[in-house]
Amino acid sequence: MFKILEKEVLAKGIKRINVKAPMIANKTKAGNFIILRIDEKGERIPLTVADYDRETGIISIIFQEVGYTTKQLGSLEVGEHIKDIVGPLGKHIELEGYKKVVCLGGGSGTALLYPKVKAFYNKGSEVIAITGARTKDLIILEDELAEISNKLYIATDDGSYGHHGFVTDILKDLLEEDQEIDLVVAIGPVPMMKAVADMTAAYGVETIVSLNSLMVDGTGMCGGCRVTVGGETKFTCVDGPAFDGHQVDFNELINRLSFYKDEEEVHQCRLDEEVNK
Amino acid sequence: MALQKKKTEMRNQDPTERINNFKEVPYGYNKEEAINEAERCLQCPKSPCVNGCPVNVPIPDFIKALKKGKIEEANDIIKSKNNLPAICGRVCPQESQCEKVCVMGAKNEPVAIGRLERFVADSMLDKVNTSADAVADKVSKEKVAVIGAGPAGLTAAADLAKEGYQVTIFEALHDTGGVLRYGIPEFRLPKKILDKEVESVRALGVDIRVNVIVGKSVTIDELFAEDYQAIFIGTGAGLPRFMNIPGENLNGVYSANEFLTRVNLMKAYKYPDYRTPVKIGNRVAVIGAGNVAMDSARTARRLGADEVVIVYRRSEEEMPARDEEIEHAREEGVIFKLLNNPVKIDGQEGRVFSMECIKMELGDEDDSGRRRPVPIEGSNWTMEVDTVIVAIGQTPNPLLTSNTENLKTESWGGIMVDDRLATSREGVFAGGDIVTGAATVIQAMGAGKKAARSIIDYLTSKEWSGKN
Ligand SMILES: Cc1cc2nc3c(=O)[nH]c(=O)nc-3n(C[C@H](O)[C@H](O)[C@H](O)COP(=O)(O)OP(=O)(O)OC[C@H]3O[C@@H](n4cnc5c(N)ncnc54)[C@H](O)[C@@H]3O)c2cc1C
Ligand SMILES: Cc1cc2nc3c(=O)[nH]c(=O)nc-3n(C[C@H](O)[C@H](O)[C@H](O)COP(=O)(O)OP(=O)(O)OC[C@H]3O[C@@H](n4cnc5c(N)ncnc54)[C@H](O)[C@@H]3O)c2cc1C
Ligand code: SF4
Ligand code: SF4
Ligand code: FES
């Protein structure tokens, strides 16, 4: 059992939870994730370790309420418990050898991006962060990102804050102006990651994306998270979740993510019923 | 009394009924049936059956006690060699082990040793003998870590705890049992039975810590630093193999591991009460013919698939599953397309739509002594399916071995051990599927027992004369 020590609403439908998990805090590096199961009947879902403190043994997760499990998680209050948390899972990302890094986060993908920005910044790379969302209220972690980046850009689809448009617009300008960028890290909705990868390919800049495949165990045991990278089948949970964006078969990923659409809707109905009771 | 040639029948749940539920299929003997079957045992002085059993259960002895109605005594006799008899009685491939060499089997059907073992163990199940008293007066000896809560790990832990060692099991999943929980379905091994067995291991003082992946959450070196004096690795063979044919990543293609884990561990058969979904469709092809394939096929039937087809590249004779499972699958309407091999899966709108197979014939014997299947050119044909379940085998998961230094492994990933089950690292032992590749529950248990003995020897003598 993992007790919720702190909870914060970062934006509408985006929350942060802190729990004590010393084993995980002790071993996590940027890019690792955990799998949690809220209760006996719950699904196992993957979430990135957004932050960790080896001293106190506390880890943070930041999540967007998109379906049953994330909404249920969002409804838990400080003092309540999560039954199972296991990790750290996946490969951490390699930080060595990059002078200038552009990190892009879309929507709640910014939460997944945060630990990577922090890691590159602490490693001494020059970090340009770009975060975007549909509208101003959905921009998260602005202050936190400002603190750990050399420059922060913001974009909103509706122009309510920062650049009016997509994060990729800003990236394009940067790539045009600056030949020194040696790595782009993009995390967010699959179409956004695909757009970034297509763009950087034209400029020949190395690009890392973090994939959000459906998972069960997270240990390489089920193969449910498989993706095609460079023509080969990989398991996101053990070979990833970060991969070379120029090699990923995004269309296959989009298709695989849609497999349980109907079931997710069933959950949605049940959830609405339960909430309205 | 006239000799009864055949095994005493075991009553089963009716096939038309049982494909609608996940309740256990065979009901097990009642006392009368059990004693009747026990009477068939000839009490052979040489008792070849005992050697046929990988852990040498004293079969004639327990049957003798059972015949006299002394069930508790029979249970103690079995338990002296087999910690998990209620499980083995159900899932052992008896026809290739104890019952294979039973003298009765030469002319008639062998004694139904597995069924008798099940009867005895089930009768005693509610009287879990915690043996806690026996343990209490022993001094607490060194700390030992066991990695993996499958049959190998549970057995090693129990044997060590009985001798007074302080044992902690680290398990990656959120629950115990390994394949017994996530792989073998409820209708073959009710989880209530597994829970009882795990309870009795806990009652011996074993601390079980779930959600810990050794190699990720903690390393072997860190365990030694935490004062564990010896380590047993029983992490199984959990890595699914795929066929590497076009279309394998389409929606609707599951590894048997994923399919069974969703249904068994996550209880997707109780969806949506339990939240994990599984999608089965109407026409299902299961590739392979081992226990894993039969379990997948029978589970698919129960989840409502109209047509479930086993596709296997060899013939009837080579099917590795237990005879009983094959028979039960047939009774449940599973169709067998033998001597066929899938070559391609086609999709429509991203979902499996059909599978192309090629017919096979048996050629010369291969290294395993089985006749090698060879494709018959031009014999391709296509079946319409909406789900494909790949059950062609598992190999050891490299998560632990690749994160542990100086632990020697075979090219296929298995951990190398000597005849004491000692690995190439001092104080580290391994057994079960992680050493042998996918095998059986009883072999994994046997390895757990052997490793426990070796660990005790090592901790007593503190000498590591490993050959590795
Ligand atoms: C390695 C990894 C790390 C992740 N880290 C984070 C994180 O830090 N914060 C966060 O908010 N989310 C993260 N995700 C995504 C998160 O796991 C999903 O949002 C979650 O599983 C949805 O569960 P649910 O029951 O709430 O929604 P569901 O009912 O399962 O789904 C609701 C909607 O979300 C979509 N969806 C379902 N699963 C995913 C998925 N894996 N990725 C994207 N969309 C999905 C569905 O298509 C559907 O539209 C991560 C995913 C992976 C694989
Ligand atoms: C579907 C199916 C049906 C089967 N049917 C039969 C049958 O009828 N009869 C029979 O005799 N055999 C059967 N088998 C085979 C039998 O189940 C296995 O041989 C046996 O379970 C092996 O036991 P084990 O303890 O070595 O490994 P497992 O049962 O695989 O247990 C290993 C455990 O270790 C855990 N683990 C793995 N890595 C780590 C790590 N790094 N850290 C912590 N924990 C870890 C796993 O989560 C798992 O719980 C079947 C197998 C399957 C898959
Ligand atoms: S453990 Fe298995 S092989 Fe041994 S006697 Fe029992 S059923 Fe037979
Ligand atoms: S070989 Fe068969 S008949 Fe003989 S003792 Fe063993 S079980 Fe009984
Ligand atoms: S989640 Fe099961 S193998 Fe990756």
* Structure fact -> The base-10 log of I(q)/I(0) that the Debye equation returns for region A:73-186 at q = 0.14 Å⁻¹, one scatterer per C-alpha, is -0.63
* Listed residues B:MET355, A:MET215 arranged by accessible area, highest first, probe 1.4 Å -> A:MET215, B:MET355
* **Distance cut-off 14 Å, percentage of C-alpha pairs in region A:2-89 lying past it** => 60
* Taking R0 as 25 Å, what's the FRET efficiency between B:ALA106 and B:ARG330 from their Cβ-Cβ distance, rounded to 0.05? -> 0.40
* Asked: Can you give the accessible area per residue of region A:156-231, in Å², using a 1.4 Å probe?
  -> 38
* Asked: Over all distinct Cα pairs, what is the inverse of the mean 1/r for the protein assembly as shown, reported as the Kirkwood hydrodynamic radius in Å?
  -> 27.9
* Asked: In Å², rounded to the nearest 100, what is the total accessible surface buried by chains B and A against each other with a 1.4 Å probe?
  -> 3900
* Convex hull of region B:363-419 built on C-alpha atoms - directionally averaged projected area, nm² -> 7.8
* Asked: Can you give me the Cα centroid spacing of region B:172-212 and region A:181-209 in angstrom?
  -> 44
* **Heavy atoms of B:TYR29: accessible area, 1.4 Å probe, square angstrom to 10** => 20
* Structure fact -> In this structure, the FRET efficiency calculated for B:ASP221 and A:GLU6 from their beta-carbon separation, with R0 = 41 Å, to the nearest 0.05, is 0.80
* Restricting to region B:240-394, compute how many DSSP beta bridges are antiparallel as a %, nearest 5. => 50
* Of the heavy-atom accessible surface of the protein assembly as shown (probe 1.4 angstrom), what whole percent is carbon and sulfur? -> 47
* To do: Could you please state, rounded to a whole Å, how far the C-alpha centre of region A:57-104 is from the C-alpha centre of region B:393-459?
  => 34
* Cα gyration tensor category, rounded, prolate or oblate, for region B:425-468 with a/c compared to 1.5 -> oblate
* Structure fact -> Judged on accessible area alone, 1.4 Å probe, highest first, B:ASP175, A:ASP137, B:ASP367, A:ASP217 line up as B:ASP367, A:ASP137, B:ASP175, A:ASP217
* Taking all pairs of distinct alpha-carbon atoms in region B:15-123, Kirkwood radius in angstrom -> 14.1
* To do: For the pairs A:LYS29/A:LYS172; B:LYS143/B:LYS462; A:LYS20/A:LYS83; B:LYS162/B:LYS449, note any where the Cα-Cα span goes beyond 18 Å.
  => A:LYS29/A:LYS172
* Asked: When only alpha-carbon atoms count, how far does region A:100-256 stretch along each of its three principal axes, as whole angstroms with the largest first?
  -> 42, 33, 29
* Asked: Where is the GNM fluctuation largest for chain A (alpha-carbon springs, 10 angstrom cutoff): A:LEU257, A:LEU214, A:LEU171?
  -> A:LEU257
* To do: Work out which residues of region A:29-49 lose at minimum 30 square angstrom of accessible surface when the other protein chains are put back, relative to the chain isolated, with a 1.4 angstrom probe, and list them by number.
  => A:ARG37, A:GLU40, A:LYS41, A:GLU43, A:ARG44
* Please calculate how many Å² of accessible area region A:2-89 carries per residue, with a 1.4 Å probe and no DNA, RNA or ligand atoms counted. => 38
* Can you give the average number of partner chain beta-carbon atoms within 10 Å of each beta-carbon in peptide A:84-94, as a whole number? -> 3
* **DSSP-defined beta bridges in chain B - what % are antiparallel, rounded to 5** => 40
* Asked: Here are some pairs, A:LYS3/B:LYS127; A:LYS261/B:LYS359; B:LYS23/B:LYS67; A:LYS99/A:LYS151; B:LYS408/B:LYS450; which of them have Cα atoms lying more than 26 Å apart in this structure?
  -> A:LYS3/B:LYS127; A:LYS261/B:LYS359; B:LYS23/B:LYS67
* With a ≥ b ≥ c the root eigenvalues of the C-alpha gyration tensor of region B:286-390, is it rounded (a/c under 1.5), prolate (a/b larger than b/c) or oblate? -> oblate
* Structure fact -> Taking a ≥ b ≥ c as the square roots of the Cα gyration tensor eigenvalues, with a/c under 1.5 meaning rounded and otherwise prolate when a/b beats b/c or oblate if not, chain A comes out rounded
* chain B: relative contact order in percent, alpha carbon pairs under 8 Å with at least 6 residues between -> 15
* Structure fact -> At q = 0.09, 0.11, 0.13, 0.14 Å⁻¹, the log10 of I(q)/I(0) for chain B from a Debye sum over equal Cα scatterers comes to -0.64, -0.96, -1.29, -1.43
* To do: Report the accessible area of B:LEU303, computed with a 1.4 Å probe over the heavy atoms of all protein chains in place, in Å² rounded to the nearest 10.
  => 50
* If you build a Gaussian network model of chain A, linking Cα atoms that sit under 10 Å apart, which residue out of A:ALA155, A:ALA146, A:ALA30 swings the most? -> A:ALA146
* Asked: Between A:ASP262 and B:VAL374, how many nm apart are label points set 7 Å from Cα along the C-beta direction?
  -> 4.5
* Relative contact order for chain A, counting Cα pairs under 8 Å that sit 6 or more residues apart, in percent -> 16
* Asked: Accessible area of B:THR395, 1.4 Å probe, to the nearest 10 Å²?
  -> 30
* **the protein assembly as shown: calculated mean residue ellipticity at 222 nm from DSSP helix runs of at least 4, using -39500 (n - 2.57)** => -9000 deg cm²/dmol
* Structure fact -> Ranking B:ILE193, B:ILE19 from most to least accessible area with a 1.4 Å probe gives B:ILE19, B:ILE193
* Structure fact -> Counting only protein heavy atoms and rolling a 1.4 Å probe, one gets per residue an accessible area for region B:15-123 in Å² of 43
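The values are calculated or read from the model by the stated rules, or taken from the named source; none is laboratory data. Note that this is a predicted model, so its numbers are computed, not measured. Cβ sites come from the backbone with ideal geometry, for glycine too, and all protein chains shown count toward neighbours. Areas reflect the complete protein model, heavy atoms only, side chains present, ligands, DNA and RNA absent. Shrake-Rupley method; radii C 1.70, N 1.55, O 1.52, S 1.80 Å.
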